[in-house]
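Structure first, commentary second.
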Amino acid sequence: MAQTITGTGALHDQAPGQAATVSAAAYASGGIDAGNFIETDIDEELFRFNSDDTPLMNLMLKAKRVKVNSPEVDHYMIDEPRSMVTLASTIEAQATQQTILPLSPGDQNLPRPFTTLLVKDVDGYDPTGQRLTVGQNLMLFVTGQDPATNCPIVRCVNGRKTNPEDEFSAFPRIPKGTKIIILANSLYETQKEVDPDLIVPQPTRIYLQKRGMNQVVSDYFDSQKKRIPFSKAILAEQAIANFKVRGNRTLWAGRAGKFKLNIPKMGFQYVYCTEGLRWQFKRELMHKGRWTVEDVIALAKMFFTGEDVPKSALLLAGKNLLEQIQCIDFSKHPEIQISTKTNALGWTVTNFHTVFGDIEIKREPTLDRLGWSNSGALIGENRLVHYMYSSEHSFSDRMESEEATRSGILIWDALALKGSCHIWIDGDGEHNGGGTALGIRLWSEPEAPVDTADGEVYYLTCDCPGISPKARSGQMWKIRKVENEESEEVDVWSLYTGDVEVG
């Protein structure tokens, strides 16, 4: 018996890359009764294309379409403008009217002249400048820019005064690492011109991948359709299903690439490979062990309370992640409502209602096939872009010198994320690293974590005095490995409020 190529389920029912001829069909059946097909009843539903097998592709088809004129696109994720800068070195207490605000090169141009700045964790003074107002932050005013360092020049708005009548106030000590929030500008009486905001988005190069599907049906095969237990329509449907399933895997896990091939009679031509969505995420939640209510709430908080706030949250989950979330004991949290509903895309989803927003959960079989059964993607549906170089179209041609017809589908497109709200949930320990994504770990113990790595960020689901007396539930803390005076490596923890890189 001829050995046929099997499918995912190890069934001997596939012969990839073969034309639909009587001989090829006999080969796929193991050579049984070649050329003499028996008309038997079959379950046509097995051949029906099920959209639930390719949720990401169907999500792409619902996304905003952008027609482009090149297979190479400069994609701008366009996050919300930066709201915070960090002090690069300490400003000692001084009685001067104004001073230079030391910032890193990436932050120097953000605070423009006439902008006001709120200094976190540094107290200001009352209007007389004589009494410290504990818990009420110091505010600075940008008067200009230092030509030597390119850093802003600032003065205190509510600092300490020698006399209540003084127009100017002195600077308190502002330690290195202090977070400074950018507020609105404040203009003088007759002013109408200010510096424009410095917004220079950094693009990411996206390649659009050309995908195609061909089907060859011989005239003899077509003439035997009354005796063959499947029609051309069923054959085409199965071929399209396979085409879409493989395309769905590419949308998740493909890696970007561009190279040339020497095509006979055509010369050199480029081949483009698109970047899968898995590698586009800028935030990753590193999760181990069982899921808890606190974990789900933390996930909803991270997704809905950033600077880029989406309208809805759709979690496409592997089977193990879906099982873990479904098995959470919510009996002690009646405020979290769980229901089944049909969403705007027509899918039946499990809806988790939290105070931050609703999370719709759907299984994504492709993640299981890619080995990511414990992982998932929390996506903002209105934050996807479908780039199209050519719309999907079909063709049907007679083959030269052959009694057969070639038909097929061609599509040239790519899927890309907008904004920084999206979160990849990594439950399989495959953090992509590479400095392209912020990895966040959940921590639910009062003691500080051990076996940590430099630069890791932890989201606290309980108070953690082991990290710091100020470490509270709901905060994110970052660890740095530094050497002390004895050349010993020590852990230094700091509250993390940094921005997510999206360019």
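The values are calculated or read from the model by the stated rules, or taken from the named source; none is laboratory data. Everything numeric here is computed off the predicted structure, so don't read it as measured data. Here Cβ is always computed from backbone atoms with ideal geometry, including for glycine, and neighbour counts include all displayed protein chains. Heads up: the accessible areas ignore ligands, DNA and RNA and are worked out on the full protein's heavy atoms, side chains in. Shrake-Rupley method; radii C 1.70, N 1.55, O 1.52, S 1.80 Å.
Quick notes on this structure:
- Sparse-neighbour loop sites [trypsin sites (Lys or Arg not before Pro); segment 328-365; at most 15 other C-beta within 10 Å; DSSP]: 332
- Among 471-481, 272-282, 183-193, sorting by the average number of other beta carbon atoms lying within 10 angstrom of each residue, highest first, gives 272-282, 471-481, 183-193.
- Accessible surface of segment 337-416 [probe 1.4 Å, protein heavy atoms]: carbon and sulfur percent: 45 percent
- Legend: distances between Cα atoms for 244/301; 64/362; 64/179; pairs beyond 30 Å are 244/301; 64/179.
- Using the Karplus relation 6.51 cos²θ - 1.76 cosθ + 1.60 with θ = phi - 60°, the per-residue 3J(HN,Hα) values for segment 153-166 come to 9, 10, 10, 7, 8, 10, x, 7, 10, 6, 10, x, 7, 5 Hz, with x marking Gly and Pro.
- Carbon plus sulfur fraction of accessible area for segment 102-211, probe 1.4 Å, in percent: 51 percent
- Efficiency of FRET from Cβ geometry, residue 82 and residue 193, R₀ 25 Å, rounded to 0.05: 0.65
- Segment 261-308 versus segment 153-175: alpha-carbon centroid distance in Å: 47 Å
- For segment 145-214, the calculated P(r), taken from all Cα-Cα distances in 10 Å bins from zero up to the bin holding the longest distance, is 11, 25, 30, 12, 8, 7, 4, 2, 0 percent.
- Most to least accessible of 452, 366 (protein chains only, probe 1.4 Å): 452, 366
- Burial order of peptide ranges 153-165, 60-72, 294-306 (average beta-carbon count within 10 Å, highest first): 294-306, 153-165, 60-72
- Residue 484 versus residue 150: modelled label distance in nm, points set 7 Å from Cα along the beta carbon direction: 3.8 nm
- Extending 7 Å from the Cα toward the beta-carbon at both residue 173 and residue 266 defines two label points whose distance is 7.1 nm.
- 3J(HN,Hα) along segment 60-76, derived from phi through the Karplus expression 6.51 cos²θ - 1.76 cosθ + 1.60 where θ = phi - 60°, amounts to 4, 5, 8, 6, 4, 9, 10, 7, 10, 10, 8, x, 10, 10, 7, 9, 9 Hz, with x in place of Gly and Pro.
- Computed over segment 300-412, the ratio Rg/Rh where both radii use C-alpha atoms and Rh is Kirkwood: 1.18
- By accessible area with a 1.4 Å probe, ligands and nucleic acids excluded, highest first: order of 399, 286: 399, 286
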